[in-house]
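Written out below as structure tokens is the structure these notes cover.
The values are calculated or read from the model by the stated rules, or taken from the named source; none is laboratory data. Remember, predicted model here, so these are calculated numbers, not experimental data. In this analysis, Cβ positions are derived from the backbone assuming ideal geometry, glycine residues included, and neighbour counts consider all displayed protein chains. To get the accessible areas, we keep the full protein, side chains included, count just its heavy atoms, and leave off ligands, DNA and RNA. Shrake-Rupley method; radii C 1.70, N 1.55, O 1.52, S 1.80 Å.
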Amino acid sequence: MATDPASGSTGPAPVFERVLIKLSGESLMGEQDYGTDPERIRAIARQVSQVHARGVEVAVVVGGGNIFRGLAAQASGMDRATGDYMGMLATVLNALALQDALEKQGVPTRVQSAIAISEVAEPYIRRRAMRHLEKGRVVIFAAGTGNPFFTTDTAAALRAIEMHAEIILMAKNGVEGVYTADPMKDPDAVFIPEITHMEAVEKRLRVMDSTALTLCMENRLPIIVFNMSDEQNIDRIVCGDRVGTLVRT
């Protein structure tokens, strides 16, 4: 095994300098019906810490489905914009939980929120976020884009482009990558190792929502969809191994 001179960590040198990891709210649930699983969050923090130790600059966008799922009954029939704002607040809760877990791993972390919540998070300021990354801090982007009607997938695409990230790592919960159909429902679903953005849009594959996917396509930003359950996957991807499904132009 070689030693990465930038970080002193053992193993192959990373092939990416700056990545953005998209974590769905569901990836934080573990085996629970909703809410956060502390052990799952600690496992994610260990994975991020591992690649951070290699000198890779890491940004994270978190979803809120794990919390908002528990509020779905209350949100039924609610104005869509109001429901979306509730979902944004759920992502802030997840971001704070992940920040705490990362800092317990010794990783300096900042949370930036797209909606004002100054007591617990910085406001999203692009240049400040980039400076944090350059200083070796992990930046967690919360509250999506700050606008209703846009998903956290779109927020991930937007922040990755703004931060000049080289790739988006789309973490899935128990799914190895992109399939021709939902593998949880269709036993005949076939795994797709590589696909173009356009093919994913045309075939309506579950990579990310169409707005986010189009944004990545227009900016030639590659995406890797992978299984979060394997704790070595993020490190393997960062070091150049083929894991999951590669989506590129």
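Some values worked out for this structure:
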{"read-out": "Qualifying positions in segment 204-221 - closer than 15 Å to residue 155 by Cβ, not in a loop (DSSP other than H, G, I, E, B) and not hydroxyl-bearing (Ser, Thr, Tyr)", "value": "212, 213, 215, 216"}
{"read-out": "Residue match in segment 21-44 (condition: over 21 Å from residue 107 (Cβ atoms), open to solvent by 40 Å² or more (accessible area, probe 1.4 Å), modelled with pLDDT under 95 and assigned to a helix (DSSP H, G or I))", "value": "yes"}
{"read-out": "Near pairs, Cβ below 9 angstrom, 6+ apart or cross-chain, from segment 125-144 (within 26 Å of residue 50 (Cβ to Cβ) and of a type in the set (Val, Ile, Thr)) to any residue that is assigned to a strand (DSSP E or B) and open to solvent by 30 Å² or more (accessible area, probe 1.4 Å)", "value": "138/57; 138/110; 139/57; 139/110; 140/110"}
{"read-out": "Residue count for segment 50-85, restricted to those that are at pLDDT below 90 and of a type in the set (A, V, I, L, M, F, W, C)", "value": "8"}
{"read-out": "Enumeration of residues in segment 157-180 that are surrounded by fewer than 19 Cβ atoms within 10 Å (Cβ to Cβ), assigned to a helix (DSSP H, G or I) and of a type in the set (D, E, K, R)", "value": "162"}
{"read-out": "Count of segment 77-103 residues which are touching a Leu at 6+ places or on another chain (Cβ under 8 Å) and hydroxyl-bearing (Ser, Thr, Tyr)", "value": "0"}
{"read-out": "Subset of segment 181-200 that is under 22 Å from residue 20 (Cα atoms) and assigned to a helix (DSSP H, G or I) - its residue that is most open to solvent (accessible area, probe 1.4 Å)", "value": "198"}
{"read-out": "Test: residue in segment 205-225 that is touching a Lys or Arg at 6+ places or on another chain (Cβ under 7 Å) and either open to solvent by less than 70 Å² (accessible area, probe 1.4 Å) or not small (Gly, Ala, Ser) (or both)", "value": "yes"}
{"read-out": "Restricting segment 86-96 to residues that are out of contact with any strand residue (DSSP E or B) (no Cβ under 6 Å at 6 or more places or on another chain) and either farther than 16 Å from residue 119 by Cα or open to solvent by less than 70 Å² (accessible area, probe 1.4 Å) (or both), the residue that is modelled with the highest pLDDT", "value": "96"}
{"read-out": "Counted residues, segment 233-249 - those being in contact (Cβ under 8 Å) with a residue 12 or more places away in the chain and either of a type in the set (S, T, N, Q) or surrounded by fewer than 15 Cβ atoms within 10 Å (Cβ to Cβ) (or both)", "value": "5"}
{"read-out": "Matching residues, segment 97-150, being open to solvent by less than 70 Å² (accessible area, probe 1.4 Å), over 19 Å from residue 66 (Cα atoms), part of a helix (DSSP H, G or I) and of a type outside the set (Gly, Ala, Ser)", "value": "102, 130, 132, 133"}
{"read-out": "Residue check for residue 200: of a type in the set (Gly, Ala, Ser) and in contact with a helix residue (DSSP H, G or I) (Cβ under 9 Å, 6 or more places away or on another chain)", "value": "yes"}
{"read-out": "Checking residue 144 against (1) among the small types (Gly, Ala, Ser); (2) over 22 Å from residue 25 (Cβ atoms); (3) under 17 Å from the mean Cα position of the chain (by Cα), the condition it does not meet", "value": "(2)"}
